[in-house]
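Undergrad: Starting off with a structure, shown below.
The values are calculated or read from the model by the stated rules, or taken from the named source; none is laboratory data. Just so it is clear, the structure is predicted and the values come from calculations on it, not from any experiment. Positions of Cβ are generated from backbone atoms using ideal geometry, with glycine treated the same way; all protein chains shown enter the neighbour counts.
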Amino acid sequence: MTGPAKVLGVLLGGTVAGVVQAAPPASTSDDPGAPTPAMPAAMPAALPNTAGAVRVNLADVVHADYRDAVMKVVQKPTVSTRASAPDVICTVSMYEWLFDHPDRVAAAWHRMKVPAVPISDAGNGLFAWTDEHGSEVVWRTVGTFQDGRVWYATGKVKPGAAAPAVPVKAVAILTHPRKATKDGVASFSTSVQVFLVSDSKAATLALRLIGPAAPRVAEQGAEQFLEFFNGIADYVQKNPTKADALLAPAKK
């Protein structure tokens, strides 16, 4: 599995930016007759919406301070997708707690020896991740509804030290309805819709390079995003005595 915390970067920006590093290098030859690297056929600046219809009234759900920004991303995304996860059984309070504490989930993966980019709690409901290349994405929950929430993210993603930074804005709409509940434990059927916007030249180049595979790349990122949470939910449900130590704050 890809480092789970880094999946947030894939989801919230790397879906587009992650392939920029594969761009054919610019010709450095002094020979004017030297061939230039072949490029795929032109791709549109945005791909067809594959996230499906939003079944939540965002105007009612999203906080007024973020409503316009969220609607702009959802209405005209550069890349969009959706994914569903296999049902997971977990204590209701624990499952909801995990979504409120992605930094603790990232720390849990580290403790399980799975490489992951640390996620930090920036305070006031804001979370952030950075990487060694200069990527930085921050996000927060901007709305909640029965069995779900809306995240809004902004930042920049750099797939490599020499690659250009790709500015991104993203919205993730998470739903986790319960199929059955008994004694505080439920079976959750979780899915996510993702909408991402980037109007940079690097993002446009990335779409041209990845071509028809872009929707599948985005979907894979969304699937791993769900596994980021569900993997830990499943583990602590099966190993409840290890939950406190596994989900403790990361040492500074």
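Undergrad: For the stretch 165-181, check the following and say yes or no: at least one residue is in a helix (DSSP H, G or I), at pLDDT below 95 and more than 12 Å from Cys90 (Cα to Cα).
TA: no
Undergrad: Given the criteria in a strand (DSSP E or B), over 16 Å from Asp234 (Cα atoms) and over 13 Å from the mean Cα position of the chain (by Cα), does Thr81 qualify?
TA: no
Undergrad: Taking the condition of being hydrophobic (A, V, I, L, M, F, W, C), assigned to a loop (DSSP other than H, G, I, E, B) and crowded, with 19+ Cβ neighbours inside 10 Å, how many residues in the stretch 146-164 meet it? First the steps, then the outcome.
TA: Taking the stretch 146-164 and keeping what is hydrophobic (A, V, I, L, M, F, W, C), we get 150-151, 153, 157, 161-163.
From what is left, the residues that are assigned to a loop (DSSP other than H, G, I, E, B) are 161-163.
Filter again for crowded, with 19+ Cβ neighbours inside 10 Å, leaving 163.
Within the stretch 146-164, residues that are hydrophobic (A, V, I, L, M, F, W, C), assigned to a loop (DSSP other than H, G, I, E, B) and crowded, with 19+ Cβ neighbours inside 10 Å number 1.
Undergrad: Looking at the stretch 185-199 only, could you name the residues that are at pLDDT below 90 and crowded, with 20+ Cβ neighbours inside 10 Å?
TA: Within the stretch 185-199, Leu196, Val197, Ser198 meet the criteria.
Undergrad: Also: Within the stretch 84-117, can you find the residues that are in a helix (DSSP H, G or I), of a type outside the set (A, V, I, L, M, F, W, C) and either free of Cβ contacts under 8 Å to residues at least 60 places away in the same chain or under 24 Å from Ser187 (Cα atoms) (or both)?
TA: Across the stretch 84-117, the qualifying residues are Ser93, Tyr95, Glu96, Asp100, Pro102, Asp103, Arg104.
Undergrad: Out of the residues in the stretch 118-145 that are free of Cβ contacts under 8 Å to residues at least 40 places away in the same chain and closer than 18 Å to Ile232 by Cβ, which is surrounded by the most Cβ atoms within 10 Å (Cβ to Cβ)?
TA: Quick first cut of the stretch 118-145, residues free of Cβ contacts under 8 Å to residues at least 40 places away in the same chain only: 120-128, 130, 132-134, 136, 138, 140.
Subsequent filtering for residues that are closer than 18 Å to Ile232 by Cβ retains 120-121, 127.
Details: Ser120: 16, Asp121: 15, Phe127: 22.
Per the criteria, the residue is Phe127.
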